[in-house]
Amino acid sequence: MSTKPRIAFLGTGLMGQPMAANLLRAGFPLHAWNRNADKIQPLTVLGATACATPALAVRDADIVITMLLNGEIVETILTDIEPSLRPGQMVIDMSSIAPRMARTHAARLRQRDVDYLDAPVSGGTVGATEATLAIMAGGSGAAFERAKPAFAAMGRATLVGPNGAGQLSKLANQAIVAITIGAVSEALLLAKGGGADPAAVRTAITGGFADSRILNLHGARMLTGNFAPGGPIVTQIKDIKNILDEAADIGLELPFVQLAYRLFQEAADNGLGGLDHSALYQHLAMMNKM
């Protein structure tokens, strides 16, 4: 019998399913729930137990992991499972939500003697599948140490501060991602519009100061037109909105992020919202009639 903590995994969509699969491969007993039960079936092949409700999934768990679309859904599910939680359990929210919401959730669960970490991730579906996610955790050192074995099955985790700091770190990450997608998009369009081979330009600048994971991975998507969603534009918009709300709370003006928000929203308004966020390139190409 496994001595590893029992995990309830709530939300087995594009990101959650491969994350849960890696936990199963690492030997963690796992109960899974998802609104669309069909998305749990690939996990049952690996040994997961499918649960009809979130409350049933968390009942016997040591660690509850949520990987949900947005803060509103996290709030709904947390309210649903809260009566079923018991002292000594741990909740790890790996969704991307507002920092202030994470702090509120931590305070609520602390009253029940339930540990809480906000631990959003970066790396997209590729990182989720390959167990190379960057995991940004906010909470106590003791809770982080307890969660380390589970985190190790999904990627590389860093404790970045108290509750809410994980979500703040994710917002910092998403600011860089959003702005860099725009920069790479415009650079490749500039190359193409001026008569250079954009693929060759991308190769030429790889390894220089402009190199980045976005240039490599999303640059390839832009050149091939493969915008199957890893991180959809609608999710990017949600994250940027959280960045701007947090910036307003602390009195910061972020003009590059504001511009990114407008451009991604325009892309969604033009029917690209369900595509990968690298499809901002397509929106900018359409703007320039290219």
Along its three principal axes, how long is segment 7-162 when you only count alpha carbons? Whole Å, largest extent first please.
37, 30, 26
Expressed in nanometres to one decimal, the distance between label points 7 Å along Cα→Cβ at Thr3 and Thr132 is 3.3 nm
Grab the Cα-Cα distance for Ala220 and Met287, subtract it from 0.36 nm times how many residues apart they are, and report the gain in nm with one decimal.
22.1 nm
Ordered by fewest other Cβ atoms within 10 Å, a rough proxy for footprinting exposure, Phe256, Phe264, Phe28 read Phe256, Phe28, Phe264
Beyond 27 Å, how much of the Cα-Cα pair distribution for the chain remains, as a whole percent?
42 percent
Specify the residue with the greatest mean-square fluctuation among Leu272, Leu24, Leu254, computed from a Gaussian network of the chain linking alpha-carbon atoms under 10 Å apart.
Leu254
Environment charge at Gln265 (Cβ cut-off 14 Å; Lys +1, Arg +1, Asp -1, Glu -1):
0
Protection proxy (average C-beta count within 10 Å per residue), highest first, orders 183-193, 208-218 as 183-193, 208-218
Provide the gained length on full extension for the span Thr104 to Thr76, in nm with one decimal, where the gain is 0.36 nm per separating residue minus the Cα-Cα distance.
8.7 nm
Normalised by the residues of the chain, what does the relative contact order come to in percent, with Cα pairs under 8 Å and at least six apart?
13 percent
Search the structure for amide H atoms under 5 Å from the amide H of His31, placed 1.01 Å from N in the peptide plane, and list their residues when 5 or more places away or on another chain.
Ile7, Ala8, Phe9, Thr49
So for the pair Arg112, Arg86, with labels modelled 7 Å out along Cα→Cβ, what separation do we get in nm?
1.3 nm
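Just add up the charged neighbours of Asn70: K/R +1, D/E -1, any other residue whose Cβ is under 12 Å from the Cβ of Asn70.
So the environment of Asn70 carries a net charge of -2.
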Length gained when the stretch Ile250-Asn36 is fully extended (0.36 nm per residue, less Cα-Cα span)
73.2 nm
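A short reminder: the numbers here are calculations on the coordinates, not readings from a lab. Here the structure is a predicted model, which means the values were calculated and not measured. As a convention, Cβ positions derive from the backbone with ideal geometry for all residues, glycine included, and neighbour counts pool all protein chains shown.
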